[in-house]
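K.L.:
To start, I am sharing the structure in question, which I have written as structure tokens.
The values are calculated or read from the model by the stated rules, or taken from the named source; none is laboratory data. Note that the structure is predicted; figures quoted are calculated from it, not measured. In this analysis, Cβ positions are derived from the backbone assuming ideal geometry, glycine residues included, and neighbour counts consider all displayed protein chains.
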């Protein structure tokens, strides 16, 4: 099922009740970005590597839910995943 999901690259596919589409995932990340820019000072956020990998990509390439974005995310996330307990620094001024 996972292989088919990434092969189909359908950003609007929802796999049942309570699941989110890739488009919803990107929307959640974009909302996170907006909220982060409303904060001031030093901010610590804890989360999953996939979320922060998508956030890092989105900061540079936007959050449009396309097949190309999905493919790029999958390639980046599997070839250079964010490790457990990895510390990342993001500059909200950019």
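K.L.:
Among (1) exposed (fewer than 13 other Cβ atoms within 10 Å of the Cβ); (2) at pLDDT 95 or above; (3) closer than 20 Å to residue 89 by Cβ, where does residue 54 come up short?
P.N.:
Going through (1) exposed (fewer than 13 other Cβ atoms within 10 Å of the Cβ); (2) at pLDDT 95 or above; (3) closer than 20 Å to residue 89 by Cβ one by one, residue 54 breaks only (1).
K.L.:
Taking the stated definitions as given, is residue 36 surrounded by 12 or more Cβ atoms within 10 Å (Cβ to Cβ), at pLDDT below 95 and in a helix (DSSP H, G or I)? Show your work before the answer.
P.N.:
Values: surrounded by 12 or more Cβ atoms within 10 Å (Cβ to Cβ): yes; at pLDDT below 95: yes; in a helix (DSSP H, G or I): yes.
Yes, satisfied.
K.L.:
Checking the structure you have, find out if any residue of the stretch 58-74 is in a helix (DSSP H, G or I), farther than 21 Å from residue 10 by Cα and at pLDDT below 95. Full working, then the answer.
P.N.:
We begin by selecting, within the stretch 58-74, every residue in a helix (DSSP H, G or I); these are 58-61, 67-74.
Subset that is farther than 21 Å from residue 10 by Cα: 59-60.
This time we only want the ones that are at pLDDT below 95, so: 59-60.
The answer is yes, given that some residue of the stretch 58-74 is in a helix (DSSP H, G or I), farther than 21 Å from residue 10 by Cα and at pLDDT below 95.
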